[in-house]
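Student: Pasting a structure here, questions to come.
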Amino acid sequence: MRRFLPVLCTLLLLSLLSLTAAALCGSTGCLRPSASADSVSLLLSLRVPRALTAFAVGAALALSGALMQVLLRNPLADPYVLGLSGGSAAGALLAMLAALHLGWPVQLATAPGALLGAAVAMLLLFGLVRQSLRHLAISPLLSSQRLLLTGVMLAAGFGALISLALSVAPDAQLRGMVFWLIGDLDDARLLPVTAAVLILALLWALRYAPALNLLARGDAFAQLLGVPVLRLRVMVLCTAAACTAMAVAMAGTIGFVGLVVPHGLRLLIGNDQRLLLPGAMLGGGAALTLDDLLARTVVAPVQLPVGVITALIGVPCFLWLLARGRS
């Protein structure tokens, strides 16, 4: 606990500071003491839900990335590696097209479509890789490769569906669909559901963190100490899929948060999952909240898609982490 508390307290303080800055500042500037009560109430009613949405999405992506890196024993894995985000995005875009065709509000179709697409992607993945999950203990390298290749092929298929949806979309709706796909944090309707999923995922992660530490040292070692490897891997995959689905349903496909944050924290604080998993949630939430603040202020009053900011920051950070890891 002497080692855990300072790190977690630092990440918690960073999270609170990022949420405060995102609530006080935005595309119209920062709140001033001389502002009227009505304007303060209006700005806070818009900025606070967006800040909380950014934090929840970042926490979900970072936790999912940390779990995927344990599952695949690859520190460079991210939440999107198995095609789950592609399924969510394809489902959301197809639901948008269906809503336009039926005359329904597009905003009401996005989240259900994304969740349905994630469910289809997860069912396809489980159906295709159940043998690989069973054989990870026998031939971990070959089974992991099959799992990755299956995910890559699913992602390619869903990518084709996304391209098809964008190709047939009306011109009036195309810009909004592309903006959502890159990363849009305006919709906070799923925030209570996402918060509940995150709390359950965190409780599960803390409960099974010691078993995940053993799993990271090898299947044979974990089985020797009584860890049910197959069941644990299925639970890891389900938890990561649920977090990824909720993140994509709320904000589209936002890259690099689930890759850079867990990998960077692992280099800084080690690979103890008892500290890494809650730390990744706090770090991912703070990182995406600050990225969204930049997206709203860097070219204000124009708001950029937050996915652009995460890519511009994530690429050099990731290259620096790789260079640091080799040195």
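Student: Ordered by residue, what ³J(HN,Hα) values in Hz, to whole numbers, does the range 155-160 give under the Karplus form 6.51 cos²θ - 1.76 cosθ + 1.60, where θ = phi - 60° and Gly and Pro are x?
Tutor: Values per residue, Gly and Pro as x: 4, 5, x, 5, x, 5 Hz.
Student: Relative contact order (percent) for the range 4-158, with alpha-carbon contacts under 8 angstrom and 6 or more residues of separation?
Tutor: Averaging sequence separation for qualifying contacts and normalising by length gives 19 percent for the range 4-158.
Student: Which percent of the accessible heavy-atom area of the range 243-306 goes to carbon and sulfur, probe 1.4 angstrom? If you can, show how the numbers build up before the last one.
Tutor: Working: 1220 of 1730 Å².
Roughly 70 percent of what the probe reaches on the range 243-306 is carbon or sulfur.
Student: Please quote Rg/Rh for the range 1-46 to two decimal places, taking the Kirkwood radius as Rh and restricting both calculations to Cα atoms.
Tutor: Rg/Rh: 1.23.
Student: Could you give log10 I(q)/I(0) at q = 0.28 Å⁻¹ for the range 174-222, computed by the Debye formula over C-alpha point scatterers of equal weight, without solvent?
Tutor: Values returned for q = 0.28 Å⁻¹ are -0.97.
Student: Given points 7 Å out from each Cα along the Cα-Cβ axis, report the R73 to L8 separation in nanometres with one decimal.
Tutor: Label-label distance for R73 and L8, simple model: 2.9 nm.
Student: Using per-residue counts of other Cβ atoms within 10 Å, averaged over each peptide, order 106-112, 41-47, 182-188, 238-244 from highest down. The partial results should precede the final answer.
Tutor: Details: 106-112: 17.7, 41-47: 14.3, 182-188: 20.7, 238-244: 24.7.
Peptide ranking by packing, descending: 238-244, 182-188, 106-112, 41-47.
Student: How long is the gain from A311 to L166 if the chain were fully straight, where each residue apart is worth 0.36 nm and the alpha carbon distance is subtracted?
Tutor: Full-extension gain reported as 50.0 nm.
Student: Also, I was wondering about something else. Just to be sure I understand the curve: with the Debye formula and one point per C-alpha of the range 39-126, what is log10 I(q)/I(0) at q = 0.14, 0.17, 0.19, 0.26 Å⁻¹?
Tutor: -0.67, -0.86, -0.95, -1.14
Student: Further question on the same structure: Output wanted: per-residue J couplings in Hz (rounded whole) for the range 219-226, from phi through Karplus 6.51 cos²θ - 1.76 cosθ + 1.60, θ = phi - 60°, x for Gly and Pro.
Tutor: My calculation for the range 219-226 gives 5, 5, 5, 5, 5, 4, 9, x Hz in order.
Student: Send over the per residue convex hull volume for the chain, Cα only, as a whole number of Å³.
Tutor: Each residue corresponds to 144 Å³ of Cα convex hull volume.
Student: Could you point to the residue in L206, Q303, G252 farthest towards the positive end of the range 163-318's charge dipole, with +1 and -1 charges on the Cβ of Lys/Arg and Asp/Glu respectively?
Tutor: Ranked along the dipole, the leading option is L206.
Student: Label the range 202-301 by shape, choosing from rounded, prolate and oblate, from the square roots a ≥ b ≥ c of the eigenvalues of the Cα gyration tensor; if a/c is under 1.5 it is rounded, and otherwise prolate applies when a/b is larger than b/c, oblate when it is not.
Tutor: prolate
Student: Another question, if that's okay. Specify the inter-centroid distance of the range 253-327 and the range 212-251, based on alpha-carbon positions, in whole Å.
Tutor: Rounded to whole Å, the Cα centres lie 22 Å apart.
Student: Cysteines of the chain lacking any other cysteine beta carbon under 4.7 Å?
Tutor: Singleton cysteines: C9, C238, C243, C317.
Student: Heavy-atom accessible area per residue, the chain, 1.4 Å probe: how many Å²?
Tutor: 47 Å²
Student: Label points 7 Å out from Cα along the Cβ direction at I199 and L31: separation in nm?
Tutor: Placing both labels 7 Å beyond Cα along the Cβ direction yields 2.5 nm.
Student: Another one. In square nanometres and to one decimal, what's the mean projected area of the convex hull around the Cα atoms of the range 146-242?
Tutor: The directionally averaged projection comes out at 8.6 nm².
Student: Let me ask something else about it. Only Cα pairs under 8 Å and at least 6 apart count here; give the relative contact order of the chain as a rounded whole percent. Mind showing how you got there, number by number?
Tutor: Working: 483 pairs, mean separation 107.3, N = 327.
Over the chain, the number comes to 33 percent.
The values are calculated or read from the model by the stated rules, or taken from the named source; none is laboratory data. This is a predicted model, so every value here is computed, not measured. With ideal geometry, Cβ positions are generated from the backbone for all residues, glycine too; neighbour counts draw on all protein chains shown. Each accessible area value is taken on the protein alone, full model and side chains, heavy atoms only, with ligands, DNA and RNA left out. Shrake-Rupley method; radii C 1.70, N 1.55, O 1.52, S 1.80 Å.
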